[in-house]
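What follows is a set of notes on a single structure, which appears directly below.
The values are calculated or read from the model by the stated rules, or taken from the named source; none is laboratory data. Small disclaimer: the values here were computed from a predicted structure and weren't measured. With ideal geometry, Cβ positions are generated from the backbone for all residues, glycine too; neighbour counts draw on all protein chains shown. Ligands, DNA and RNA are excluded from the accessible area calculation, which covers all protein heavy atoms including side chains. Shrake-Rupley method; radii C 1.70, N 1.55, O 1.52, S 1.80 Å.
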Amino acid sequence: MHPIRPPIPPKPRLPTAAVHNRDFRDSGISVSDDPSASTDSLRQPISTSDSSPATPTPGTPSAVRQLASRFESIALRLSSPTLQRATLGDSDGGTPPPLLRKPSTTMQKLQMTVGSSLAVGSQAKPHSILRPSAHDRTHISRRASAIAERIYDAVYESSDDDDDRTAPDYSTRNRYYSITLNREESSPVYDMIVEEDHIRKVISELIEKEQKYIETLDQGIRNYVPAMYAQTLPAALRGQRNVIFINLEEILRTHRDHLLPDLERAANLSSSPQASISSGQMAEKVAEVFLRYIESERFYCYVQFAMHQADSESLRLRFHDYFLKIQHDLDDRLGLNSLMLQPIQRLPRYKLLLNEMVKDLLKDDDGKRTMSRRTALLCKVDKRISMLIDRVNQAISVHDIRQCSGSQVATGSSLKHGSDVPLTLILQPEGNRNPVRDTPINLLYQGKFQRLFAVDIYDTNVRRKYSGKLFVFEKLLLYVEIVRDRLEYRGHFNDNEVCYLEEGKNRLILYAGGRGMLEISVQFETSTELQPLVALVHTMTKSVIYDSVEIEARVSSHIVESVEEEENLSQDVTNEADSWDEQKLTTSLVDAQQQFLEVLKANRSFYLDTLSMEVKTKLTTFIGAFEAIMELHRRILQDLSQPLMDPDRICQCFDRYLRTDVFDPYFDYLREFRKATKLIQHCQTPSNFNNRVAPTVKQFTFLCIEHLQEYSRYFNVLIVKYSENSTLNIQIDTELFQRLAYVLVHLNTYRNNLTLNYELFLIDEQAAACGFVCYNERVAVSNPPNPADAGPCRLFLCERAAICVKVQDVAEHDQQEERFVRVLFVDRFQGRGAPMRLRKSKRALQRLNFLFEGQKFRIDFATAQDQSTFYSSYVNRYIMI
């Protein structure tokens, strides 16, 4: 029978720097095997006086525990000069240490391993024993405690294997460390300590560095800001506090009063260990904090800091000796220049710490790489921080413009003591044809800085092409030319005058007033680079909000991502964010509907109210159809503005619209718009229109049809989001998803039919008399009477005729767009009494022939099935006349 085992003494803890600064405590491994002695050792300081060992309890491996205690005591004595002297005194005349029991073979191996580990350290630095530095003392103490803890666990694990199976199980003692004993390797034992929860360590490091960052800013402001009001301040520095420190105090308040408390709440530091959350949930909450700050522009203070950094650096360099003297007087090791670099270096450190958490979350228990919604959220935050860093770096380039200057130009010798010059960023335009546009502009009043684009610009003002940059603010678009190592101002557009036109897949035309007056052509390498600029210009102008729902997906925190990047990151939104996005999309749809009604009113006032009575009489039917369209959209706005509107109710509304005659005013409008385009063009041509009025009559008449695309995009965004949630195994409303898809398909079909009829009626004034399009096919004309008519065409089957239109493929938006050129022929149905002009070809199954007074048009379809379908539809329509 084995004797009863006494309680296991507490496990040793790794000492911290704070412990070494106060007094030294024993790790809990006592020389005595008495449990009370082990417990009391936690409360008694280490003594170097003589002491007699207590009688060991049988069955306990006291030899190894004595070795561990003596080893740790030696290390702790080495870490303190006072204890070293006491130790040396004891060794001369003190009582020798107690004799140890002869350990087993396993214990001898452990002692040899510990001895070799200590020998390496002692041989490497022979003088460190006599005079160790503070860092060496801390390092030695940590190694000592680690090895002592390792011996402690190894002894009791091995004793459990040797003892009776009824011994208690202490395998769950190690809560934070997983330790494995390897007797075959010669590496030190302490190198095998592996932390199980690295994410908590990263978050703790994040909060610790955040506290140090706040302390650094606070100490620097308290050291150097009062110096700006000293009596010895140079005259040229008077009032330059804002120029030198920019918004450093605002950055401090953001981190001290808001970000740090939010991070501490996310890390659950104030809760008890029993109520603590998992490391994954903690990482998710921290990521949500950063995402909320980025999307709400709480970090825009860093962009402002970067825009004024050049002025601050120039002034600090000019008075370097003065600030160096203040640094020496304050005995400050950091210095003012290093202090002003802290905000620039802060954001990249957030990114590094988030990357550490992402790496841990990408691995599951088996070490395989996995992607979850939580990991996707951290990836999204990492991407947003990268974009914020790019935005900050781009803001620095504003000062590279030669005509741009900061607050130093506003200083003067007449400034009173104690007054400060406000921050300004003045642009001095020059070289404009209109002298009014050379008025100085304070860029700080042009809204937030959004983004910088490096592009090729063709400028109609200088009539040449050059490499340039576009600086986009909320209310201003500024374009400059790159001239060697500087930027030269070339022009700007205000938000209330800029208009844009996409030309091809990678070109954008920006102009103000009429075309050719103030106009530039911006060209990118790819269309992917163009789309963010289009979205930003569209948001800035606040004109017809056709892309408002799409922009919600592409624009976040006023920084535009490409469509591909947003699709890759759309899966990382949480359930709360999903609900919030649905409400935001619905609100955007209502806002777009309200804006559209305002646009219709503005265009009616410009194009219709200014017509003469004679022309109004001729356009009575069209004006009535236009008013019916406006009334239709007022009803839609009333339906969308109902309380508690959600995607389900909006889907029901549009399902009812498509099943009933709600959209019928569009058919009356299509029959009459062609006459309006002809008469209005003869009466008035817009020359100085605002951003709500369409620039041409054609665009004016197409407004109401184009606005239907807004509804399609709303449903499309919801469908894409629900599909991605389903892929991530997030529960969705399947019935709602099916209804949304049904409404989207029918709405797109209805809109495409309206667009097709509009383009057909626009190209031929007489086409409206043939009725609406019932069926159409892409065909090719072979050997026509006029050789120029050969090639691709589109064959329309209308209510009362068949119309063949010559088409041309134009590259636009990375795809081929079909454009109508002219009408080749019109085959009006003559009724049952007259023979059809359409014949089936006897030589080719996929060909149909149209005969007109001895002329034959050979129409080739893609397949014989397409030919048969069109022929059957043609016969059915013909016999109905």
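Checked against the criteria, residue 566 counts as at pLDDT below 85 and surrounded by fewer than 19 Cβ atoms within 10 Å (Cβ to Cβ).
The single condition among (1) farther than 21 Å from residue 495 by Cβ; (2) at pLDDT below 90; (3) under 36 Å from the mean Cα position of the chain (by Cα); (4) of a type outside the set (Phe, Trp, Tyr) that residue 409 does not satisfy is (3). In the stretch 848-864, is there at least one residue being at pLDDT 90 or above, open to solvent by less than 20 Å² (accessible area, probe 1.4 Å) and assigned to a loop (DSSP other than H, G, I, E, B)? Checked the stretch 848-864: at least one residue is at pLDDT 90 or above, open to solvent by less than 20 Å² (accessible area, probe 1.4 Å) and assigned to a loop (DSSP other than H, G, I, E, B). Scanning the stretch 753-798 for residues that are in a loop (DSSP other than H, G, I, E, B) and farther than 23 Å from residue 673 by Cα yields 783, 784, 785, 786, 790. Among the criteria (1) in contact with a helix residue (DSSP H, G or I) (Cβ under 6 Å, 6 or more places away or on another chain); (2) outside any strand (DSSP E or B), the one residue 453 does not fulfil is (2). Restricting attention to the stretch 709-735, which residues are at pLDDT 90 or above and over 30 Å from residue 633 (Cβ atoms)? Within the stretch 709-735, no residue meets the criteria.
Here the stretch 604-651 is the region considered, the condition is being surrounded by fewer than 18 Cβ atoms within 10 Å (Cβ to Cβ) and among the small types (Gly, Ala, Ser), and the residue that is nearest to residue 675 (Cα to Cα) is 624. Scanning the stretch 723-742 for residues that are of a type in the set (D, E, K, R) and in contact (Cβ under 8 Å) with a residue 12 or more places away in the chain yields 724, 733, 739. Residues that are assigned to a strand (DSSP E or B) and open to solvent by less than 50 Å² (accessible area, probe 1.4 Å) were ranked within the stretch 456-469; the one that is modelled with the lowest pLDDT is 459. Is it true that residue 779 is more than 25 Å from residue 599 (Cβ to Cβ), in contact with a Cys (Cβ under 7 Å, 6 or more places away or on another chain) and of a type in the set (Val, Ile, Thr)? Yes; evaluated as a whole, the condition is true for this residue. The residues of the stretch 691-716 that are under 27 Å from residue 738 (Cβ atoms) and either in a helix (DSSP H, G or I) or not assigned by the TED database to the domain that holds residue 652 (or both), listed by number, are 708, 709, 710, 711, 712, 713, 714, 715, 716. None of 811, 844, 834, 790 is surrounded by fewer than 17 Cβ atoms within 10 Å (Cβ to Cβ) and touching a Pro at 6+ places or on another chain (Cβ under 6 Å) except 790.
Of all residues in the stretch 702-722, exactly one satisfies the criterion of being over 30 Å from residue 676 (Cβ atoms), touching a residue at least 40 places away in the same chain (Cβ under 8 Å) and surrounded by fewer than 19 Cβ atoms within 10 Å (Cβ to Cβ), namely 720.
Exactly one residue out of 730, 763 is under 46 Å from the mean Cα position of the chain (by Cα) and more than 16 Å from residue 819 (Cβ to Cβ), and it is 730. Picking from residues in the stretch 279-309 that are surrounded by fewer than 20 Cβ atoms within 10 Å (Cβ to Cβ) and among the acidic types (Asp, Glu), the one that is nearest to residue 443 (Cα to Cα) is 297. Scanning for something touching a helix residue (DSSP H, G or I) at 6+ places or on another chain (Cβ under 7 Å), at pLDDT 50 or above and either part of a helix (DSSP H, G or I) or crowded, with 17+ Cβ neighbours inside 10 Å (or both), does the stretch 544-555 turn up at least one residue? Within the stretch 544-555, none of the residues are touching a helix residue (DSSP H, G or I) at 6+ places or on another chain (Cβ under 7 Å), at pLDDT 50 or above and either part of a helix (DSSP H, G or I) or crowded, with 17+ Cβ neighbours inside 10 Å (or both).
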